[in-house]
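The next block holds one structure in the form of structure tokens; read it before the comments.
The values are calculated or read from the model by the stated rules, or taken from the named source; none is laboratory data. Worth saying up front: this structure is predicted, and the values here are computed from it rather than measured. Virtual Cβ from ideal backbone geometry, glycine too; neighbours counted across all protein chains shown.
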Amino acid sequence: MKLVVLGSGSRGNAFVVTSGGCSLLLDAGFGPRTLVQRAKKVGIDLRGVVGIVLTHEHGDHARGAGALARKVGCPIFASGGTLTALGDRLDGTRRNRITPHRNTAIGPFSVMGCRTSHDAAEPMAFVVGVNGARLGLAYDLGRPTAAVRYLLRGVTGLLLEANHDEILLRTSPYPASLRARIAGAGGHLSNRAAGELLAELCHEKMDSVVLVHLSDRCNRSDIARSEVEQALSARGFRGQLFVARQDEPLDPICVGQEPGQFELGIAG
Ligand SMILES: [Zn+2]
Ligand SMILES: [Zn+2]
């Protein structure tokens, strides 16, 4: 499985997974033109996507979903609550409900989801499987609940939120109510919480971790990376750690393959 991070942060989130010539878009938090342009930059034609999977209805995750689905004619997959919350923004698209804890087949991919703790209608974390590779996507999480930790067991790659540094959040100019919302049960995972969860999930076949949804004001990629690196190296993690950027894609990442099987020309 090849993973492309098109961009991630509070101003938009989108990822593409590809396998055997098929692509699946995970979240569509940029306008359709930006999604298409960024994908093109890394050699992916979004006109061929087999579907768009949405974690929840917030604009930074779903902004471009309706327009892109109408443009390329692909179906949208999300929880019933997310589809209802998006309402007429999805008019003219084919919508499919993802039931928690059940496999949903989308082209060659199988998608399993569970409910997350976040202030949205019915937000979900997902694991996307194909050809033995399993990629987790978990962000906009107030807390890593038992259900999320259970879902993410054994993933070979993980896109995980490292939203804020706890000190930078505490000393930020945000009003106290907003700081409490970000740090609360319906908010976002800190670097420390991400490191703790990764230390718990780490196993010898986990080869790629990408830190996503970093806050512009309350985090820095070097701080997030070093905090998580410490937690992972204490568990003997030998894979690769990446930090997503808001405004440009990362080079494609191979997930769930032995190093000798990496496709030529793909930076991993
Ligand atoms: Zn959200
Ligand atoms: Zn978000």
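What to note about this one:
This table checks each residue for (1) without any contact (Cβ under 8 Å) to a residue 60 or more places away in the chain; (2) of a type in the set (Gly, Ala, Ser).
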residue: Asp140; (1), (2): no, no
residue: Thr145; (1), (2): yes, no
residue: Val148; (1), (2): yes, no
residue: Leu152; (1), (2): yes, no
residue: Ile167; (1), (2): yes, no
residue: Thr171; (1), (2): yes, no
residue: Ala183; (1), (2): yes, yes
residue: Gly187; (1), (2): no, yes
residue: Asn191; (1), (2): yes, no
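- Boolean, Tyr150 is surrounded by fewer than 21 Cβ atoms within 10 Å (Cβ to Cβ), away from ligand 2 (no atom under 16 Å from the Cβ) and of a type in the set (Phe, Trp, Tyr): yes
- Answer residue from region 45-59, given it is surrounded by fewer than 19 Cβ atoms within 10 Å (Cβ to Cβ) and closer than 23 Å to Cys114 by Cα and is farthest from ligand 2 (Cβ to nearest atom) among those: Val50
- The residues of region 218-233 that are part of a helix (DSSP H, G or I), surrounded by 14 or more Cβ atoms within 10 Å (Cβ to Cβ) and not hydroxyl-bearing (Ser, Thr, Tyr), listed by number, are Ile223, Ala224, Arg225, Glu227, Val228, Glu229, Ala231, Leu232.
- Total residues in region 177-199 satisfying the condition of being part of a helix (DSSP H, G or I), surrounded by fewer than 18 Cβ atoms within 10 Å (Cβ to Cβ) and not charged (D, E, K, R): the figure is 4.
- Residues (within 19 Å of the chain's Cα centre (by Cα) and in a loop (DSSP other than H, G, I, E, B)) located in region 76-101: Ser79, Ile98, Thr99, Pro100, His101
- When Ile167 is tested against (1) exposed (fewer than 15 other Cβ atoms within 10 Å of the Cβ); (2) β-branched (Val, Ile, Thr); (3) within 16 Å of ligand 1 (Cβ to nearest atom), only condition (3) is not met.
- Test for Leu135: is it aliphatic (A, V, I, L, M), at pLDDT 95 or above and either within 16 Å of ligand 2 (Cβ to nearest atom) or assigned to a strand (DSSP E or B) (or both): yes
- Of residues in region 119-132 being buried (at least 23 other Cβ atoms within 10 Å of the Cβ) and within 16 Å of ligand 2 (Cβ to nearest atom), the one nearest to Met206 (Cα to Cα): Phe126
- Residue list for region 34-49, filter: in a helix (DSSP H, G or I) and within 14 Å of Glu248 (Cα to Cα): Thr34, Leu35, Val36, Gln37, Arg38, Ala39, Lys40, Lys41
- Of the residues making up region 14-38, those that are without any contact (Cβ under 8 Å) to a residue 60 or more places away in the chain, hydrophobic (A, V, I, L, M, F, W, C) and surrounded by 21 or more Cβ atoms within 10 Å (Cβ to Cβ) are Ala14, Val16, Leu25, Ala28, Phe30, Leu35.
- Leu158, sole failed condition from (1) buried (at least 23 other Cβ atoms within 10 Å of the Cβ); (2) closer than 21 Å to Leu35 by Cβ: (2)
- Of everything in region 1-13 that is polar (S, T, N, Q) and crowded, with 22+ Cβ neighbours inside 10 Å, the residue that is farthest from ligand 1 (Cβ to nearest atom) is Ser8.
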